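Scroll down for the structure; my scribbles are underneath it.
The values are calculated or read from the model by the stated rules, or taken from the named source; none is laboratory data. Remember, it's a predicted structure, so these values are computed and weren't measured experimentally. A quick note on method: Cβ atoms are made from the backbone with ideal geometry, for glycine too, and the neighbour counts reach across all protein chains shown. To get the accessible areas, we keep the full protein, side chains included, count just its heavy atoms, and leave off ligands, DNA and RNA. Shrake-Rupley method; radii C 1.70, N 1.55, O 1.52, S 1.80 Å.
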Amino acid sequence: IAPFLTKPIVIGEGEMAGAPILVAGPENRVILSAGDTAYAKGLVLEDGTEWNIYRPGRDLIDPDTRELLGREATHLGELKVTQFGEVSRVAITKSVLEIAPGDRLVKIEPAPVLPYIPRAPSKRILGKVIAGSHSNVTEIGPNTVVVLNRGTREGIETGNVLALYRDLPLVRPAGATDPKERIKLPAERYGVVFVFRVFDKVSYALVMNTTRPVNLFDAVQTP
């Protein structure tokens, strides 16, 4: 989970619009990578020299209410400021994806050192898996990361353990006279997730101890 402790980040609507921005690369290049010199606006000495590079990514939508819970910012790399000014000169020190002028900068903060003590939430939580750590994934295996549609607003805390549940298909009861009659069976518990990073409306959790792959929109709740 180490890469997810500081990245990605979840931002509110328009929150990244005021962040420092890469404005140009060397010789008007449009694709940048580690080792390149580039230029940025909005950087000041007081904020330090080391910055993460981000690009606004996918929207995180609540599947039940359709509320926009935030936008996930995709981490692209890191840079160091070599000369401050109205337009500052920067050196890209790390790239994990292609970087381009227009990408935004977020100050590098130390990874949190937290006591990851597994525990049940102090209140009843009922939520859903709304995304995997990668886009376009519908089934998620153990020891991978999922996004939940519950955060500090609902009482989620770092270290919380939640049980995974999946609805079972409707079945025809034995002895039913109506061939169309169906009953709903209790949801089946098949694993747990461990919450390690929490934002206001969403949280990130590690899939653990599952007997089957996690599907999008499976339920999570206080065990």
| said: Checking the table 107/128; 80/128; 7/128 against a 28 Å threshold on Cα-Cα, which pairs fail? | reply: 107/128; 80/128
| note | Looking only at lysines whose Cα falls under 22 Å of residue 123's and that sit 8 or more positions away or on another chain, we get 201
| note | Residues whose modelled amide H sits under 5 Å from the amide H of residue 133, counting only those 5 or more places away in sequence or on another chain, are 145
| remark: Under 5 Å from the placed amide H of residue 77, counting only residues 5+ away or on other chains, we find 53, 96
| remark: Mean-square fluctuation maximum in Gaussian network of the chain, Cα pairs under 10 Å, restricted to 210, 177, 37, hits 177
| Other-chain or far-sequence residues with amide H under 5 Å of residue 69's (modelled H) | 60, 61, 62
| field | P(r) weight above 22 Å for the chain, C-alpha pairs, percent | value | 58 percent
| remark: From highest to lowest solvent-accessible area (probe 1.4 Å; ligands, DNA and RNA excluded), 208, 16 read 208, 16
| task | Among 29, 58, 166, determine the one that fluctuates most according to a GNM of the chain built with springs between C-alpha atoms less than 10 Å apart. | result | 29
| query | Among rounded, prolate and oblate, which fits segment 140-201 when a ≥ b ≥ c are the square roots of the eigenvalues of its C-alpha gyration tensor, a/c under 1.5 means rounded, and a/b larger than b/c means prolate? | reply | prolate
| request: Let me know the Kirkwood hydrodynamic radius for segment 183-223, please, with Cα pairs as the basis and the value in Å to one decimal. | output: 11.8 Å
| So, with +1 on the Cβ of K and R and -1 on the Cβ of D and E, and no other charges, what is the size of the charge dipole of the chain about its Cα centre, to the nearest 20 debye? | 680 debye
| segment 185-194 - phi-based ³J(HN,Hα) in whole Hz, Karplus 6.51/-1.76/1.60, Gly and Pro as x | 8, x, 4, 9, 7, 9, x, 9, 10, 10
| remark: Along the dipole axis of the chain (charges at Cβ: +1 for Lys and Arg, -1 for Asp and Glu; origin at the Cα centre), the most positive-end residue among 155, 40, 87 is 155
| request: Using DSSP to define loop residues, name the GluC sites (Glu not before Pro) in segment 1-57 whose beta-carbon has at most 13 other beta-carbon atoms within 10 Å. | output: 13
| remark: Largest fluctuation, 60, 168, 43 only, Gaussian network model of the chain with Cα springs under 10 angstrom, belongs to 168
